[in-house]
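All remarks here apply to the structure that follows.
The values are calculated or read from the model by the stated rules, or taken from the named source; none is laboratory data. Since the structure is predicted, the reported quantities are computational estimates derived from the model, not experimental observations. Here Cβ is always computed from backbone atoms with ideal geometry, including for glycine, and neighbour counts include all displayed protein chains.
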Ligand code: HEM
Ligand SMILES: [Cu+2]
Ligand SMILES: [Cu+2]
């Protein structure tokens with residue numbers, strides 16, 4: 001976990017420095033902003049991982065772990081689910097509504113809401129097999 | 001080193017001698033290289049402006065580097081592929097790192113990049129320099145044609161896809177060209193000047209040309225600007241200073257003024273309405 | 001060393017049993033969350049897009065084979081090259097790079113049962129598919145498809161200059177595929193960070209997985225910017241904002257800043273996964289470990305870091321950007337790229353190279369990429385870019401690169417295809433296909449370099465004033481035909497080899513975990529896992545006598 005954190009933090013630091021140099025040198029705001037925002041994208045998850053890495057034991061995948069240590073419950077992986085498709089179809093209609101008229105937002109939003117509710121409910125049940 | 005013909009003395013390896021030979025071999029190479037003009041063109045135009053020629057020399061040097069590095073790497077690949085073809089089932093040595101070698105092919109490229117950047121900055125500063133000059137041309141790009149006006153003069157040239165306009169400029173003089181667009185983005189591109197610059201709406205770009213010989217060159221829009229992008233040609237006519245003065249003068253006659261006025265109107269209509277110029281108007285003695 | 005039975009085994013058996021009662025047929029495809037099936041869907045869709053995009057390319061080449069060809073009208077030509085570029089970049093190269101093989105291989109290479117968020121993964125695919133449909137449907141609306149180039153420069157892409165639904169469909173498609181990419185990026189990052197098998201430290205991950213991790217980070221840095229830009233563009237078109245228009249006080253060049261801030265990282269988002277594939281293939285068929293593994297990782301991270309600071313090398317000729325900054329950053333990117341190249345050569349050096357079709361494509365990749373990389377260095381120098389920008393020289397540069405990537409991708413399909421399907425492809429047809437593609441690529445791109453230097457701008461429907469360019473264009477068209485034949489051969493190979501040559505679990509004596517499991521892998525990928533003590537667990541298991549040596553000497557690690 002420490003190494004993951006370090007990679008993100010170093011990237012963030014590099015972008016912060018590069019962004020500062022660029023912004024001051026060029027005086028061009030859009031690019032300066034975007035690089036600095038890139039730096040933040042390194043710092044945010046980076047510092048989160050760093051915070052956690054100091055509060056948890058070294059994971060088996062961060063040392064010479066034995067494969068048997070991976071035993072047990074890894075996580076609930078839903079075997080099948082229709083809701084990604086529903087959500088995708090909803091997003092499709094929503095985007096089409098940008099082109100062909102906002103009435104298409106009705107089925108779009110309907111599908112999206114249905115998928116959101118259904119998906120959350122499915123997770124609560126622990127996923128289908 | 002082994003393939004070097006051994007010296008008759010046969011006194012074994014002599015590093016100083018070897019080094020001297022290397023240097024001896026390098027001298028003509030550098031001399032050849034320094035004289036720039038003897039290098040091949042590598043496909044580019046020699047160019048007819050001073051900055052274009054600087055650019056051309058930079059191009060040659062980049063190409064020398066690219067050819068050397070490219071050939072070396074290519075041969076390395078070919079050698080590896082041919083030499084280490086599978087010859088049996090033995091497992092080769094499982095070597096994985098060679099730190100000195102890896103450092104070498106990190107540091108050498110950094111040095112090469114440094115040199116390339118240095119050359120780039122030197123040439124770039126010349127290309128974008130804007131020395132003071134009295135000869136000015138204003139370029140106005142529009143869908144799909146060009147307008148050339150000469151600030152402080154009566155001369156106006158406008159043309160579109162059916163009639164290419166000609167930008168007239170004097171030889172041996174710095175000519176300040178300002179470039180802008182009235183609608184979308186266009187590219188003011190003159191291949192034989194080794195130069196292009198966007199024509200941007202809302203922005204006036206400036207560049208200085210110093211042509212070294214007279215002649216007519218083709219120019220063209222290089223940035224996609226819609227339906228007839230590929231027909232958006234123009235010409236650049238480089239004339240002597242006296243010819244240039246005479247040409248400017250031709251717009252001061254009553255007939256010339258009329259023609260210039262018509263061209264000016266066409267350009268105005270274009271700039272205000274954003275409509276394509278329907279009929280081409282070119283004016284001038286040429 | 002013994003394999004250790006994965007404790008997951010019983011769990012998996014339960015799953016297997018269950019699966020027989022699960023949905024079948026179309027419903028199975030619609031509801032699956034298995035990364036392998038999703039990856040396969042990605043692969044099939046992306047290859048289909050390659051074929052469609054390739055068809056448009058052939059139309060372009062036919063049009064250009066004569067100076068004043070009437071094969072396509074001006075309007076059609078603009079639509080065709082716009083859709084060619086858009087399909088190839090947004091719908092083929094990207095999804096092929098981080099959706100197709102990545103999806104299938106990354107979880108297996110790190111010993112994970114699936115992606116971290118399987119349903120999100122499925123959503124990514126549906127957004128990609130609907131995005132592709134949205135893009136292609138531009139041809140069926142009045143006014144035709146988008147026609148402002150794949151970069152959609154403002155103000156050409158505004159409502160006045162490009163009215164019609166085609167442009168909006170283009171924007172909509174990019175929104176959908178953009179979110180698809182972002183979700184995949186999140187998914188791969190989470191998978192690599194949280195689902196590695198015990199012992200699989202970051203510095204034991206195969207380079208392919210490393211490159212996809214870095215690609216995913218780049219996706220997360222770059223794609224949101226594009227999405228934001230597209231929303232601004234849409235607002236300009238429909239809600240009267242004037243973000244990119246001079247009339248309302250906006251700045252057209254801002255679009256280019258936003259677009260290329262995404263666009264340059266994007267070219268590495270496309271490239272890194274294929275670099276990764278080649279980095280897996282070359283060592284396996286040379287029977288050696290990757291040369292300079294750590295240098296390779298370092299190079300990948302450096303490329304990612306630098307690629308956020310080079311975008312305006314696409315804007316040198318706007319006259320509005322800081323030339324030296326972007327020049328040095330772009331030139332510097334060549335250094336890590338060069339390190340990779342030499343590491344590939346180093347991996348072959350003193351090896352026992354087996355010229356399978358996959359290896360041939362990988363070598364073709366390295367050579368073609370060398371050309372594209374070298375010409376990229378010219379373009380990073382503003383004075384040289386001034387006269388090559390927007391000419392066929394640039395077109396040639398990036399086609400050298402992307403043709404290399406195509407070779408890398410096909411190498412990947414020959415290499416990993418058997419793992420997914422359980423069947424090998426025909427090697428002989430593969431080799432013929434390689435020579436068509438390799439020679440075709442060079443015959444296609446090399447004349448374009450010369451044309452660019454002679455002054456032929458890109459995106460030209462006709463070139464009536466320069467009939468002298470015809471010969472070189474004809475040669476390029478001939479190259480494109482060779483490339484087309486190679487694509488046909490690939491389809492033929494798939495049909496000919498259909499379920500013919502069973503692959504076995506480990507046909508190439510592979511190094512990484514995917515070669516430890518069955519072909520195709522079971523539902524949650526592994527029945528058992530070996531101990532992971534290097535980046536080649538499967539090799540270490542199969543060849544305990546031949547561990548990797550450091551420093552090219554006999555000392556052991
Ligand atoms: C050695 C590293 C590279 C350098 C220094 C480099 C440099 C450049 C530069 C400066 C341009 C802008 C040229 C112009 O528009 O005038 C460019 C264009 C382009 N490059 Fe590269 N490049 C490199 C590698 C790559 C890679 C790996 C890819 C693809 C995966 C790529 C794809 C492209 C594309 C698609 C364009 C054209 C974009 C367009 O205007 O349509 N390049 N490259
Ligand atoms: Cu144009
Ligand atoms: Cu770029």
| task | Tell me, yes or no, whether the range B:193-200 has at least one residue that is facing chain C (nearest Cβ under 10 Å), in contact with a helix residue (DSSP H, G or I) (Cβ under 8 Å, 6 or more places away or on another chain), part of a helix (DSSP H, G or I) and away from ligand 2 (no atom under 16 Å from the Cβ). | result | yes
| query | Among the residues of the range A:22-38, which ones are at the interface with another protein chain (Cβ under 8 Å from one of its Cβ atoms), surrounded by fewer than 20 Cβ atoms within 10 Å (Cβ to Cβ) and part of a helix (DSSP H, G or I)? | reply | A:25, A:26, A:30
| Boolean, residue C:271 is in contact (Cβ under 8 Å) with a residue 24 or more places away in the chain, more than 16 Å from ligand 2 (Cβ to nearest atom) and under 20 Å from residue C:372 (Cα atoms) | yes
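Quick grid of which residues meet (1) under 22 Å from the mean Cα position of the chain (by Cα); (2) away from ligand 3 (no atom under 16 Å from the Cβ); (3) surrounded by fewer than 24 Cβ atoms within 10 Å (Cβ to Cβ); (4) at pLDDT 95 or above:
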{"residue": "C:384", "(1), (2), (3), (4)": "no, no, no, yes"}
{"residue": "C:396", "(1), (2), (3), (4)": "yes, no, no, yes"}
{"residue": "C:400", "(1), (2), (3), (4)": "yes, no, no, yes"}
{"residue": "C:418", "(1), (2), (3), (4)": "yes, yes, no, no"}
{"residue": "C:421", "(1), (2), (3), (4)": "yes, yes, yes, no"}
{"residue": "C:436", "(1), (2), (3), (4)": "yes, yes, yes, yes"}
{"residue": "C:440", "(1), (2), (3), (4)": "yes, yes, yes, yes"}
| Hits in the range B:223-234 (condition: crowded, with 20+ Cβ neighbours inside 10 Å and either within 7 Å of ligand 2 (Cβ to nearest atom) or touching a residue at least 40 places away in the same chain (Cβ under 8 Å) (or both)) | B:223, B:224, B:225, B:226, B:229, B:231, B:232, B:233, B:234
| task | Scan the range C:501-518 and give yes if some residue there is under 18 Å from residue A:66 (Cα atoms) and modelled with pLDDT under 90, otherwise no. | result | no
| field | residue C:351 surrounded by 21 or more Cβ atoms within 10 Å (Cβ to Cβ) and farther than 30 Å from residue C:251 by Cα | value | yes
| Can we say residue B:180 is within 22 Å of residue C:455 (Cβ to Cβ), assigned to a strand (DSSP E or B), within 16 Å of ligand 2 (Cβ to nearest atom) and modelled with pLDDT under 95? | no
| message | Being within 16 Å of ligand 1 (Cβ to nearest atom) and assigned to a helix (DSSP H, G or I) is the filter here; which residues of the range B:201-252 pass it? | response | B:229
| task | Provide a single number: the residues in the range C:302-316 that are within 9 Å of ligand 1 (Cβ to nearest atom) and within 20 Å of residue A:6 (Cβ to Cβ). | result | 1
| Of the residues C:507, C:547, C:502, which is within 14 Å of chain B (Cβ to nearest Cβ) and touching a strand residue (DSSP E or B) at 6+ places or on another chain (Cβ under 9 Å)? | C:547
| request: Give the range C:291-314 a look and list any residue that's in contact (Cβ under 8 Å) with a residue 40 or more places away in the chain and under 16 Å from residue C:376 (Cβ atoms), or say none. | output: C:299, C:303, C:307, C:310, C:311, C:312, C:313, C:314
| Residues of the range C:363-414 being touching a strand residue (DSSP E or B) at 6+ places or on another chain (Cβ under 8 Å) and touching a residue at least 60 places away in the same chain (Cβ under 8 Å), which ones? | C:386, C:389, C:390, C:391, C:392
| message | So, in the range C:110-149, exactly how many residues are farther than 23 Å from residue A:80 by Cα and in a helix (DSSP H, G or I)? | response | 9
| said: farther than 24 Å from residue C:413 by Cβ and not in a helix (DSSP H, G or I): is that true of residue C:244 in this structure? | reply: yes
| query | Across the range C:198-213, what is the number of residues that are within 9 Å of chain A (Cβ to nearest Cβ) and crowded, with 24+ Cβ neighbours inside 10 Å? | reply | 3
| query | Among the residues of the range B:144-152, is there at least one that is over 30 Å from residue C:162 (Cα atoms) and surrounded by fewer than 20 Cβ atoms within 10 Å (Cβ to Cβ)? | reply | yes
| When the range B:73-122 is examined, which residues are found to be in contact with a strand residue (DSSP E or B) (Cβ under 7 Å, 6 or more places away or on another chain) and within 23 Å of residue C:297 (Cβ to Cβ)? | B:93, B:94, B:95, B:96
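Okay, residues lined up against (1) closer than 30 Å to residue B:81 by Cα; (2) within 11 Å of another protein chain (Cβ to nearest Cβ); (3) within 16 Å of ligand 2 (Cβ to nearest atom):
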{"residue": "C:233", "(1), (2), (3)": "no, no, no"}
{"residue": "C:241", "(1), (2), (3)": "no, no, no"}
{"residue": "C:247", "(1), (2), (3)": "no, yes, no"}
{"residue": "C:257", "(1), (2), (3)": "no, yes, no"}
{"residue": "C:277", "(1), (2), (3)": "yes, no, no"}
| said: Looking only at the range C:397-428, how many residues end up being within 11 Å of ligand 1 (Cβ to nearest atom) and not in a helix (DSSP H, G or I)? | reply: 0
| So which residues in the range B:130-151 are within 14 Å of chain C (Cβ to nearest Cβ), in contact with a helix residue (DSSP H, G or I) (Cβ under 8 Å, 6 or more places away or on another chain) and part of a loop (DSSP other than H, G, I, E, B)? | B:144
| Any chance residue C:195 is within 9 Å of another protein chain (Cβ to nearest Cβ) and within 25 Å of residue C:221 (Cα to Cα) | yes
| field | Counted residues, the range C:315-330 - those being in a helix (DSSP H, G or I) and either within 11 Å of chain A (Cβ to nearest Cβ) or surrounded by fewer than 24 Cβ atoms within 10 Å (Cβ to Cβ) (or both) | value | 7
